[in-house]
1. Would you compute, from DSSP H runs of 4+ residues alone, the mean residue ellipticity of the chain at 222 nm, taking -39500 (n - 2.57) per run and dividing by the full residue count, rounded to the nearest 500?
2. What length, rounded to one decimal in nm, is gained on full extension from residue 115 through to residue 25, with 0.36 nm per residue of separation minus their alpha-carbon distance?
3. Counting other beta carbons within 10 Å of each Cβ, put 18, 296, 315 in order, fewest first.
4. Quote the relative contact order of region 185-317 in percent (integer), defining contacts as alpha-carbon pairs under 8 Å separated by 6+ residues.
5. Is the shape of region 107-283 rounded, prolate or oblate, going by the alpha carbon gyration tensor and its root eigenvalues a ≥ b ≥ c, with a/c under 1.5 for rounded and a/b larger than b/c for prolate?
6. Normalise the Cα radius of gyration of region 218-317 by 2.2 N^0.38 Å (N = residues in it) and let me know the number.
7. Going highest first, how would you order 192-203, 72-83 by mean Cβ packing within 10 Å?
8. Under a crude label model (7 Å from the Cα following the beta-carbon direction), how far is residue 265 from residue 136 in nanometres?
């Protein structure tokens, strides 16, 4: 299957090819007319699409469709005006590996890295708690994404985010050797595990919505509750449990971002900044990949600014 990727699309280009449905809804415009609003994706990115025909049924999220249309621009963002679409057939030359955004490393390699980190813990209590939390998370960790649309919104994205943070943590531990390295590493592994109960995702890493638990409780509070149960299951109690609970509940840093407590000890503070750094670098990498060198991106709403892709002409590698 040879077609242009989402990252290659530019204004006024005509596109025809297969894309994965991330979301699709019938909506009503200000003039009362109905239209189909979709977000379609391949492994390089996502584009909003409009079908100005209220009789077209929304294709199910997680399916692959063939579309034809014109790339336009609306409010500084690219948008595909779809003229025709259809469901795929068994005869269509669809290669899912080109459509599904995936982590750059295999789940087995990333899980092996996490397992080796846990095995090296000096604290048996930390080992017991973290292993029990991973057991409770179950097999979904192999393919679960880290977000619906922002950072690491890809198959195995949660593993990608976790291993990226662990690698950054190692450099920080080397720079600040007085930190409790194993506590920080444990916090990294545990901080987002309850996203597995927060979002609805298929095995392709396509998130269709948030769960009832995710909307009513959220992964920070659910993470604390699950950790308390995990510690009880393995017979661990005391300060180590409270410290890990605080790291989970404070890792967003501020109340406006969902944390009821700011980080109140060094390892919790470092966890917050590693989380933010890894998330932003992942978002920025995606923007750089779809923005030509020497050009500015569209406004990135999660960062509240446009980004520039430097030419790097005078910086030999």
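1. Working: 10 runs with 121 residues, N = 317.
For the chain, the value works out to -12000 deg cm²/dmol.
2. Values: separation 90, 0.36 × 90 = 32.40 nm, distance 4.09 nm.
Extending this stretch completely gives an extra 28.3 nm.
3. Working: 18 20, 296 13, 315 7.
With the sparsest Cβ surroundings first, the list reads 315, 296, 18.
4. Details: 147 pairs, mean separation 20.0, N = 133.
After rounding, I find 15 percent.
5. The shape class here is rounded.
6. Details: Rg = 19.0 Å, N = 100, 2.2 N^0.38 = 12.7 Å.
For region 218-317, the normalised Cα radius of gyration is 1.50.
7. Working: 192-203: 20.4, 72-83: 14.5.
Highest to lowest by the protection proxy: 192-203, 72-83.
8. Label at residue 265, label at residue 136, 2.0 nm between them.
Here, each number is a calculation from the coordinates, and none is a lab measurement. What you see is a predicted model, and the numbers here were worked out from it, not measured in a lab. Here the Cβ is made from the backbone with ideal geometry for all residues, glycine too, and neighbour counts use every protein chain on show.
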